[in-house]
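All remarks here apply to the structure that follows.
The values are calculated or read from the model by the stated rules, or taken from the named source; none is laboratory data. Here the structure is a predicted model, which is why all the values come from computation and not from measurement. Note that each Cβ is placed from the backbone with ideal geometry, even for glycine, and that neighbours are counted across all protein chains shown. We work out accessible area using only protein heavy atoms, side chains counted, and drop any ligands, DNA or RNA first. Shrake-Rupley method; radii C 1.70, N 1.55, O 1.52, S 1.80 Å.
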Amino acid sequence: MTSQNNRAQFVTRMGAIATAVGSAVGLGNIWRFPYEAGTHGGGAFMLCYIFFIIILGIPVLCAEFAIGRATRANEIKAFEKLAPKTKWYFAGYIGVLASILILSFYSVVAGWTMEFFLSSLIGSLPADTAHLHSHFDSFISGDTRPLIWTLVFLAVNFIVLSRGVEKGIEKVSNIMMPMMFVLLIVFCFNSLLLPGASEGLAFLFRPDFSMIDSRTLLSAMGQAFFSLSLGLGCMLTYGSYFPDKTKLGRSAATTALLDTTVAILAGIIIFPAVFAYGISPQAGPTLVFETLPAIFINMPGGIVWAPLFFFLLFLASITSTISMSEISIAWLTEELKLSRKKATSVTIATAMVLGSLCALSFGSLSGFKIAGLTVFDLFDYLSSNILLPVGGMLVSIFAGWVMDRKLLRRQLSSDSGGGKKARMLGLVIFLLKWVAPIAIGLILLDSVGVI
Ligand code: TRP
């Protein structure tokens, strides 16, 4: 990064894209995508998800990048700069709220990856498939260990963020992520050779159109936003660090492509195994953590694969949680003028309190439900299915209707030399102006039963 006008910037185009991908690729792809697909009918969910990535995800990602780079400011400042004396900055507060909720439940799952890393390293995972379910069940319902891991994961975040060594982590992960990609491909081959493979693939790739209802649409839309880190200003903030020569449209498309590929690979790994080992695809948030160990213990050299994979997953999670934490840290330091250390402490301490509630949601708080959901499920549902789409809708309305059109075009048109590229730009603007706000609005209204 170099400093220009006192603000940090990425030096290279690769650095910019790698950081955006680092934020996007995480538990959302490997843990959340398979479990959401499993509970919402497999192929039907996958189809809707890819559709939303194309018509909503890529345009909103372009808009976040463009707003960020045009203003070179945090989310709240960015709206203030582009639309002074309006209430648009309020969109920034949705981002702060959602980022804390997500950080809280995300840390619980990241804690599970740490537990699995350790237990696969010391060889304490059960050696047969039959005992895996009860092993995991007693772990998450046991309160103490999940709680401790959640706090440990957040403490690691605190250390990284308060020392400002995020860039170090990102460097490490830029080397490790390609490795993760290779591992995923190896696991895909392994899963494709399992006896139940064709059944699993059919579940994921053969859509049963009767499964497409308002819940599937809402969840697939939420997953598209979650997976691309959209709707709370993460990508907007990253866009503000992009050099002027970065081609925003192309970066958005590359990020979306890589992110979606990782999710699909995760699906190809999980579902054949789900059918081969008789696990229910509807298991919910625990699905992947019941399936992966079953894959590893039945795989030649499983002793090596398992700790390696869980370590890489932990790294992928931390590059994502860093991007989430930045939202409230930027708000606390730039708007409320706290020191970076204080801002980091407040953010992580809040997430520790809320994260503890989420960690206990599988144990002693499992009976404590609000609107029929445990604290963990409530945070996940509320942030991913409501706050992120609302944030994405505001960003698209802002880019399509409020932001100076010439400025938006200038940001996005570094790629367009006329012809095909100019048509792409026109399409992105059309999607932002009409399709995204209307589609998101209708799905949200439908989900609350208004239409
Ligand atoms: N996209 C990340 C993942 O898939 C999670 C994430 C990071 C996120 N930053 C975000 C989700 C901002 C929503 C909003 O794991």
Based on what the data block shows, is residue 297 under 25 Å from residue 193 (Cα atoms), modelled with pLDDT under 95, of a type in the set (A, V, I, L, M) and open to solvent by 10 Å² or more (accessible area, probe 1.4 Å)? yes
Which residues, counting only those in the stretch 192-245, are more than 14 Å from the ligand (Cβ to nearest atom), in a loop (DSSP other than H, G, I, E, B) and of a type outside the set (A, V, I, L, M)? 195, 196, 206, 207, 208, 213, 240, 241, 242, 243, 244, 245
Are there any pairs, at least 6 apart or on different chains, whose C-beta atoms fall under 6 Å, with the first in the stretch 210-227 and within 26 Å of residue 25 (Cβ to Cβ) and the second acidic (Asp, Glu) and within 10 Å of the ligand (Cβ to nearest atom), and if so, which? 227/259
Just one of 64, 36 is within 12 Å of the ligand (Cβ to nearest atom), touching a Gly at 6+ places or on another chain (Cβ under 9 Å), open to solvent by 10 Å² or more (accessible area, probe 1.4 Å) and modelled with pLDDT of 95 or more; which is it? 36
Listed by first then second residue, the pairs whose first member lies in the stretch 142-168 and is within 18 Å of residue 104 (Cβ to Cβ), whose partner is open to solvent by 60 Å² or more (accessible area, probe 1.4 Å), with beta carbons under 8 Å and at least 6 positions apart or on separate chains, are 143/364
Would you call residue 426 more than 21 Å from residue 83 (Cβ to Cβ), open to solvent by 40 Å² or more (accessible area, probe 1.4 Å) and without any contact (Cβ under 8 Å) to a residue 24 or more places away in the chain? no
What pairs can you find where one residue is in the stretch 318-333 and more than 12 Å from the ligand (Cβ to nearest atom), the other is among the basic types (Lys, Arg), and their Cβ atoms are less than 8 Å apart, with a gap of 6+ or different chains? 329/340; 332/342; 333/340
Given 228, 161, 204, which one is open to solvent by less than 30 Å² (accessible area, probe 1.4 Å), within 30 Å of residue 16 (Cα to Cα) and over 18 Å from the mean Cα position of the chain (by Cα)? 161
Has the stretch 356-370 got at least one residue that is modelled with pLDDT of 95 or more, within 15 Å of the ligand (Cβ to nearest atom) and of a type outside the set (A, V, I, L, M, F, W, C)? no
The residue that is nearest to residue 103 (Cα to Cα), considering only those in the stretch 234-269 that are out of contact with any Phe, Trp or Tyr (no Cβ under 7 Å at 6 or more places or on another chain) and polar (S, T, N, Q), is 237
Regarding residue 156, is this residue out of contact with any Lys or Arg (no Cβ under 6 Å at 6 or more places or on another chain) and open to solvent by 40 Å² or more (accessible area, probe 1.4 Å)? yes
How many residues does the stretch 107-131 contain that are touching a helix residue (DSSP H, G or I) at 6+ places or on another chain (Cβ under 6 Å), surrounded by fewer than 24 Cβ atoms within 10 Å (Cβ to Cβ) and of a type in the set (Ser, Thr, Tyr)? 1
